[in-house]
Amino acid sequence: MTEPEQTHRPVRELDQSASAAAYDPAPVPAEGEHGRAGRFWSARRVPAALLALVALAGSGLLLYDVAAVRADRPAMYWRRALADHLDRWRLDEVAVLVVAGAVVLVGVWLIVLAVTPGLRGVLPMQRDRAHVRAGLDRKAAALVLRDRAMEVSGVQSVRVRMGRTKATVRARSHFRELDDVRADLDTALGIGLKELGLARPPALAVHVGRPPAGKR
């Protein structure tokens with residue numbers, strides 16, 4: 001009876017050690033080890049679709065008109081009228097300058113959309129794994145900070161505005177000294193920002209005041 005027990009005990013200990021090694025979480029790497037946690041890029045499907053539709057419609061219409069002219073048919077009225085207007089217009093006219101300015105603004109807008117990430121409502125979080133990227137919605141982060149602020153003694157109401165670089169908190173305190181409430185809010189919200197795990201925690205600005213006389 002003792003021999004089977006001695007035989008199975010090492011196997012059981014080996015299984016426990018193997019399972020512990022299999023489920024033991026890997027150590028958290030140092031910050032920046034798996035690359036920079038950049039902002040998320042927006043697909044911008046609506047501007048791309050609109051631009052593609054406009055380009056497709058314009059090129060298709062122009063191609064049809066050119067083919068009609070090559071087939072010894074008269075050009076469309078809009079192209080003949082546009083050619084006449086362009087022949088009479090001068091570069092210093094107000095209408096020409098307005099149209100040119102509008103085209104320049106549209107071009108600048110498209111360039112800005114092409115070179116900027118977008119998705120301003122998603123805050124990038126720290127990267128603990130090379131193949132995993134996580135983001136936190138700004139409204140969700142503001143809600144977490146609001147709940148943290150409401151736990152501070154003396155706070156009656158809180159409004160949180162969460163930006164990419166700054167979190168602005170405006171609280172109303174109906175009792176306690178305002179300086180004490182502000183100090184407690186700084187501590188609680190500072191811990192809350194760290195626990196969010198953001199790659200670039202925003203700066204914290206706390207404003208504390210008294211509620212209106214009728215709402216105390």
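The values are calculated or read from the model by the stated rules, or taken from the named source; none is laboratory data. Given the structure is predicted, the values throughout are model-derived calculations rather than measurements. Cβ atoms come from the backbone with ideal geometry, glycine included; neighbour counts cover every protein chain shown. For accessibility, only protein heavy atoms count, side chains too; no ligands or nucleic acids. Shrake-Rupley method; radii C 1.70, N 1.55, O 1.52, S 1.80 Å.
For V96 paired with A203, estimate the spin-label separation in nm (one decimal), with each label point 7 Å from Cα along the Cα-to-Cβ line.
Placing both labels 7 Å along Cα→Cβ, they lie 4.9 nm apart.
A213 versus A130, label points 7 Å from Cα toward the beta carbon: distance in nm?
6.7 nm
In whole percent, how big is the carbon plus sulfur part of the accessible area of segment 140-216, probe 1.4 Å, protein atoms only?
Details: 2160 of 4400 Å².
With neighbouring chains kept in place, the figure for segment 140-216 is 49 percent.
Suppose each label sits 7 Å from its Cα in the direction of the beta carbon; what would the L86-T168 distance come out to in nanometres?
Inter-label distance under the simple model: 4.8 nm.
Residue by residue through segment 59-68, which ³J(HN,Hα) values in whole Hz follow from phi under the Karplus form 6.51 cos²θ - 1.76 cosθ + 1.60 (θ = phi - 60°), with glycine and proline marked x?
5, x, 5, 5, 5, 5, 5, 5, 5, 5
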